[in-house]
Amino acid sequence: MRIAIAGLATSHPYTDARTLGADAELVVWEPDPQRLARFRAEQPDAVVVPDLAALLATGPDGVVLTVPTAQVPDALAQVLDRKLPCFVNKPAAATAGQLDRLERVVAKAPELVLTSSVLRFAPDFVAFDVPREEVLAVRATVRHDVGLWATGYNPWQDDPAVGGGTLVMMGLHGVELLVALLGPAVRLVGATATVRQHHGLRSEDTGLLAVRWDDGVPGSVEVLGVSAGEAYEVTVHTAAGERRVVLSGGADELGYRATVDAFLGMVRGAPSPVPWAQTRAVLGVLTAARALT
C-alpha cells in the first residue's frame with residue numbers, strides 16, 4: 001500500500017504518518033523545508049517529491065491532505081480527479097466562500113472524502129450513547145491552548161480569513177462531537193469571541209457558539225484557547241441528570257489511530273464513514289460563527 005502525504009501544514013500529518021508507516025509506503029510533498037526536514041527525520045524511508053502533481057503521479061492508493069485551509073479545494077480537486085480516497089485534516093473550510101468552493105469539489109465524489117475531527121473516532125466517545133428522546137440540551141467544551149499562535153507560529157491558522165482562527169480551528173472539535181451525537185439538522189443561533197489572555201492573536205482565545213437542532217434541542221460549544229492542558233468534554237442534560245464523556249490523553253485516546261483505521265478502510269474500498277451531510281453541517285455552523293464575530 002502506498003499513501004501520499006500531501007502537505008505538512010499542521011502537526012496532524014506527523015502523527016498520521018507514525019500510524020500509517022506500519023502498514024504503508026509513504027510518499028510526501030511539502031514546500032516548507034523546515035517541516036519537510038522534520039518529517040524526513042521521523043520517516044527516513046519516505047519518498048520525497050517536489051510538488052502535488054509529482055506526488056499524485058507516484059500512484060498512491062490514498063491521500064492524506066494537510067494544506068492551509070484556503071488551498072484545500074484546489075488540492076482536493078486534483079486528488080478526486082484521480083478517484084483517490086482522501087482524508088483532509090481539519091478544517092476543510094473556514095469561511096463561507098471556502099465552503100462554497102469545497103462543496104463544488106466534493107460533489108464529484110463525496111464517498112471518497114473524509115474530513116473530521118479525530119475526536120469523532122475516539123474510543124470513549126464512540127462508546128458514549130444517550131437515547132435521543134432523553135436529551136434536553138447538550139454542551140461541548142474544548143480546552144486547547146493557542147498561545148503559540150501569538151508568537152507568530154503558523155499565522156495562517158490564526159487568520160480568520162484563511163484558517164478561521166481559534167473559533168474554527170478549535171471550535172470544530174466541539175461542533176463535530178455534537179453533530180456526531182445528534183445529527184446534522186442543526187444551525188447556528190449565536191456566537192461570540194474575545195481575547196482574554198493571549199494578546200497578539202489575530203483571532204481570539206475564547207469563544208462560545210450557540211446552536212439549535214430542528215427538533216428544538218439547544219446546544220453550546222465553549223472554546224477555551226487558554227488552558228493548562230488539552231481536553232474535550234461533552235455533557236448531555238437529561239431529566240435524570242447529566243451524562244458526560246471527557247476525552248484526553250495520547251493519540252490513541254484522542255482518536256488519531258482510529259481515524260487512520262477509518263481512512264484505511266476507504267483505501268480498501270469502503271465509502272467515507274462520515275456522510276458529507278454531517279461534515280457540511282459542522283462546517284456550516286463554524287463558517288456562520290466566523291462571519292458573526
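Determine whether residue 70 is in a helix (DSSP H, G or I), touching a helix residue (DSSP H, G or I) at 6+ places or on another chain (Cβ under 7 Å), open to solvent by less than 30 Å² (accessible area, probe 1.4 Å) and not assigned by the TED database to the domain that holds residue 165.
Numbers: in a helix (DSSP H, G or I): yes; touching a helix residue (DSSP H, G or I) at 6+ places or on another chain (Cβ under 7 Å): yes; open to solvent by less than 30 Å² (accessible area, probe 1.4 Å): no; not assigned by the TED database to the domain that holds residue 165: yes.
Criteria not met by residue 70.
Can you tell me which residue is surrounded by the fewest Cβ atoms within 10 Å (Cβ to Cβ) among those in segment 87-97 that are part of a loop (DSSP other than H, G, I, E, B) and of a type in the set (A, V, I, L, M, F, W, C)?
Of everything passing the filter in segment 87-97, 92 is surrounded by the fewest Cβ atoms within 10 Å (Cβ to Cβ).
Quick grid of which residues meet (1) among the acidic types (Asp, Glu); (2) outside any strand (DSSP E or B); (3) closer than 25 Å to residue 149 by Cα:
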{"residue": "5", "(1), (2), (3)": "no, no, yes"}
{"residue": "9", "(1), (2), (3)": "no, yes, yes"}
{"residue": "15", "(1), (2), (3)": "no, yes, yes"}
{"residue": "19", "(1), (2), (3)": "no, yes, no"}
{"residue": "22", "(1), (2), (3)": "no, yes, no"}
{"residue": "31", "(1), (2), (3)": "no, yes, yes"}
{"residue": "35", "(1), (2), (3)": "no, yes, yes"}
{"residue": "40", "(1), (2), (3)": "no, yes, yes"}
{"residue": "45", "(1), (2), (3)": "yes, yes, no"}
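For segment 98-121, how many residues meet the condition of being open to solvent by less than 40 Å² (accessible area, probe 1.4 Å) and outside any loop (DSSP other than H, G, I, E, B)?
We begin by selecting, within segment 98-121, every residue open to solvent by less than 40 Å² (accessible area, probe 1.4 Å); these are 98-99, 102, 105-106, 109, 112-121.
From the residues that got through so far, the ones that are outside any loop (DSSP other than H, G, I, E, B) too are 98-99, 102, 105-106, 112-114, 118-121.
Adding up the residues that qualify gives 12.
Does segment 234-243 contain at least one residue that is farther than 23 Å from residue 146 by Cα, free of Cβ contacts under 8 Å to residues at least 12 places away in the same chain, basic (Lys, Arg) and in contact with a strand residue (DSSP E or B) (Cβ under 7 Å, 6 or more places away or on another chain)?
No, that holds for no residue.
Determine which member of the set 84, 65, 36 is open to solvent by less than 10 Å² (accessible area, probe 1.4 Å) and outside the structural domain of residue 167 (by the TED database). Please lay out each step first, then the result.
Working: 84 fails: open to solvent by less than 10 Å² (accessible area, probe 1.4 Å); 36 fails: open to solvent by less than 10 Å² (accessible area, probe 1.4 Å).
On inspection, the qualifying residue turns out to be 65.
Mind checking whether some residue in segment 147-165 is open to solvent by 20 Å² or more (accessible area, probe 1.4 Å), of a type in the set (Val, Ile, Thr) and closer than 16 Å to residue 200 by Cα?
Yes, the conditions are met somewhere in segment 147-165.
Where the second residue is part of a strand (DSSP E or B) and β-branched (Val, Ile, Thr) and the first is closer than 28 Å to residue 276 by Cα and lies in segment 185-203, which pairs have Cβ atoms under 6 Å and are six or more apart or on separate chains?
186/211; 188/211
Of these, 26, 55, which one is hydrophobic (A, V, I, L, M, F, W, C) and either at positive phi or in a helix (DSSP H, G or I) (or both)? Before the answer, list the steps.
Working: 26 fails: either at positive phi or in a helix (DSSP H, G or I) (or both).
Being hydrophobic (A, V, I, L, M, F, W, C) and either at positive phi or in a helix (DSSP H, G or I) (or both) holds for just one of 26, 55, which is 55.
The values are calculated or read from the model by the stated rules, or taken from the named source; none is laboratory data. Model, not experiment: these values are computed from the prediction. Cβ coordinates were reconstructed from backbone atoms using ideal geometry, including for glycine residues, and neighbour counts include every protein chain displayed. These area figures cover heavy atoms from the full protein model, side chains too; ligands, DNA and RNA do not enter into them. Shrake-Rupley method; radii C 1.70, N 1.55, O 1.52, S 1.80 Å.
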